[in-house]
Every structure is written in structure tokens, then in C-alpha cells.
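The values are calculated or read from the model by the stated rules, or taken from the named source; none is laboratory data. These numbers come from a predicted model, not from an experiment. Here the Cβ positions follow ideal geometry from the backbone for every residue, glycine too, while neighbour counts run over all protein chains shown. These accessible areas exclude ligands, DNA and RNA; they are computed on the full protein's heavy atoms, side chains included. Shrake-Rupley method; radii C 1.70, N 1.55, O 1.52, S 1.80 Å.
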Amino acid sequence: MFEQRLKTALDFLQKKIPFRPEIAITLGSGLGRFVETMEKTAEIRFGDVPCMPVPTIPGHSGRFVFGRIAGVDTVVMPGRVHFYEGYDVQDTVMPLRLLRLLGAKILLLTNAAGAINPDFRPGDFMLVEDHISFLVPSPLRGKNADFLGPRYPDMTNVYDKDLRRIADSVAERIGIALRHGVLVQTAGPNFETPAEIRFLKTIGADAVYMSTVAEAMAACHCGYRTIAISCISNMAAGVSASPQSVEEVMAATKEKAPVFNRLLHDLTGALAVEL
Ligand code: HPA
């Protein structure tokens with residue numbers, strides 16, 4: 001069923017937009033304005049593509065923006081669909097699968113995340129080294145789409161080592177101290193309790209968010225080289241005494257957006273050597 005939806009959407013996009021992206025980028029909460037920095041050639045809303053899930057929350061516009069960034073043919077998705085919106089986890093990974101079938105080779109995922117690691121601070125950026133996924137269903141559950149990838153994909157190197165090295169050197173060049181850590185995905189939409197955060201710390205997580213990990217798993221399955229960067233927007237529940245709020249998350253990411261945009265721009269250009 002989802003295979004047919006994917007093929008219908010692909011067929012539509014290929015006819016409508018003759019563009020072969022090299023890099024696909026997903027922009028997390030508060031980071032959507034990066035799209036304004038690109039040389040745009042075409043744009044289409046998820047809702048105008050047959051069979052596509054559409055984001056239901058403010059700040060996640062749900063569109064594909066095709067164009068060039070630092071000389072690289074790129075497609076940017078400001079906003080994503082989340083599991084907590086009520087979508088099946090397979091729906092949340094449909095946009096990136098579609099872009100892989102359009103030709104994208106590298107996937108750059110971004111998000112706003114809560115820090116579990118007490119050494120992190122709001123405004124830090126964390127390069128994701130690995131993840132913990134089993135609190136939400138796998139996006140690979142169900143009949144395997146053999147044309148996308150194998151039934152039992154290896155998850156030893158979900159976040160490409162060479163691409164991470166490039167991110168480290170780009171960050172250093174522009175004066176950003178990039179943190180490294182493990183991201184865990186929760187189902188959301190509620191923030192976690194302090195006891196849950198203590199548990200997540202015990203099992204090895206440095207930061208928590210309500211998406212991204214399932215996307216990275218699906219990306220690994222369908223053969224992307226993936227890189228993910230979290231903008232730390234708040235200290236997770238109990239790590240700081242203050243209550244969690246989406247307003248705090250949005251304010252922190254918006255404040256860091258100009259630096260983040262610079263990092264994303266330069267990173268996209270630097271990744272071109274890997275294409
Ligand atoms: N928890 C879960 N998701 C989040 C958080 C958090 O603290 N901050 C931003 N996204």
C-alpha cells in the first residue's frame with residue numbers, strides 16, 4: 001500500500017519538476033528560514049503531491065523547495081510530519097524516501113532538541129553520532145519495500161563517519177564548538193517527565209527529540225549517507241528546574257538560526273566533495 005503511494009507521488013513529482021537533487025535537507029522547528037538563503041528553482045507543497053502526508057502544526061510548512069545552495073543541487077524541506085500528529089511512522093519518512101528515489105544521495109537532518117547531557121547548554125549544536133530508537137515503532141515495520149533497501153538493514157553506521165568529519169571541520173572553521181552525542185526519539189507530543197529523562201540518561205542518550213531518529217533509520221535503509229545536527233533548545237525535564245515549553249524551544253532555535261544557517265550553508269558546500 002505505501003509502495004503504491006510512493007510510486008504515485010514519485011511519478012507526479014518527476015513529471016512536474018525535472019530536478020535531480022544531490023542533497024536533501026530537513027529543517028527542524030524554528031529553523032525553517034534557512035530556505036530563504038537558497039537560489040530557488042521550484043517549490044511544491046506536500047499537499048499538492050498525491051498521497052503525501054501534510055504537517056498539521058504551526059511552523060512546519062510541509063513543502064519541497066528545490067534549488068542551489070553553495071553550488072549544490074539541493075532540496076530543502078522546511079518542516080516535517082511527526083508521529084505525534086497521528087500519522088503512521090511510515091508516513092513520517094515518506095518525504096525523504098521520495099527524495100531518495102528522485103536521486104538525492106546525502107540527507108542532512110536538523111532538529112531542535114532537549115539536552116539530557118548536563119554539560120550541554122541551550123544554543124549549543126550537537127552532531128548526532130548514534131541514536132536510540134526503540135521508544136517509537138520502526139519505520140521499517142511491515143512488508144519490506146525491496147526496491148528501497150533490505151529487510152534487515154545494518155544500523156552500525158547510520159550517521160556517516162566521513163560526513164561527520166566534514167561537519168566538524170566546517171564548524172571549527174566558522175568558530176562553532178560542535179558537541180557530539182546520542183539522540184533518542186520519543187513519541188511526543190508531551191515533553192518527558194524528570195524520571196523518564198533520568199532513564200534516558202542511564203541508557204546513554206545526550207539529547208531528546210520527537211522525530212529525526214525514525215527518519216535516519218529509513219534513510220539508512222534506503223541507502224542515503226546521513227548526517228544529523230540538533231540545535232539544543234532547552235535543558236530536558238529535571239536537568240533544569242524550569243518547566244518545558246514549546247515557546248522556549250522556538251525562541252532558542254530562532255535566536256541561533258543565523259549561525260545555524262551559516263553552518264548549514266557551508267556544510268552543504270563542503271559535502272559536495274562526497275557526491
Ligand atoms: N523533549 C522532547 N523533544 C524536544 C525537547 C525536549 O525537551 N526539546 C525540543 N524538542
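Annotations for the structure displayed:
- In summary, ALA70 fulfils each of the numbered conditions (1) under 30 Å from VAL249 (Cβ atoms); (2) touching a Leu at 6+ places or on another chain (Cβ under 8 Å); (3) in contact (Cβ under 8 Å) with a residue 40 or more places away in the chain; (4) not charged (D, E, K, R) with the single exception of condition (2).
- Hits in the range 14-33 (condition: modelled with pLDDT of 90 or more and under 22 Å from SER211 (Cβ atoms)): PRO21, ILE23, ALA24, ILE25, THR26, LEU27
- Picking from residues in the range 224-247 that are away from the ligand (no atom under 14 Å from the Cβ) and touching a Lys or Arg at 6+ places or on another chain (Cβ under 8 Å), the one that is least open to solvent (accessible area, probe 1.4 Å) is ILE227.
- Hits in the range 162-187 (condition: open to solvent by 10 Å² or more (accessible area, probe 1.4 Å) and in a strand (DSSP E or B)): LEU178, ARG179, HIS180, VAL182
- Residue list for the range 41-69, restricted to those being over 20 Å from the mean Cα position of the chain (by Cα) and either of a type in the set (Val, Ile, Thr) or not in a strand (DSSP E or B) (or both): THR41, ASP48, VAL49, PRO50, CYS51
- GLU36 satisfies every condition listed in (1) under 22 Å from GLY142 (Cβ atoms); (2) surrounded by fewer than 16 Cβ atoms within 10 Å (Cβ to Cβ) except (1).
- Hits in the range 129-156 - residues which are touching a strand residue (DSSP E or B) at 6+ places or on another chain (Cβ under 7 Å) and farther than 19 Å from MET94 by Cα: GLU129, ASP130, HIS131, ILE132, LEU135
- Taking the conditions (1) under 15 Å from ALA115 (Cα atoms); (2) near the ligand (Cβ under 10 Å from one of its atoms) in turn, PRO189 satisfies each one other than (1).
- Residues of the range 255-265 that turn out to be within 18 Å of MET38 (Cα to Cα) and surrounded by fewer than 19 Cβ atoms within 10 Å (Cβ to Cβ), as a count: 6
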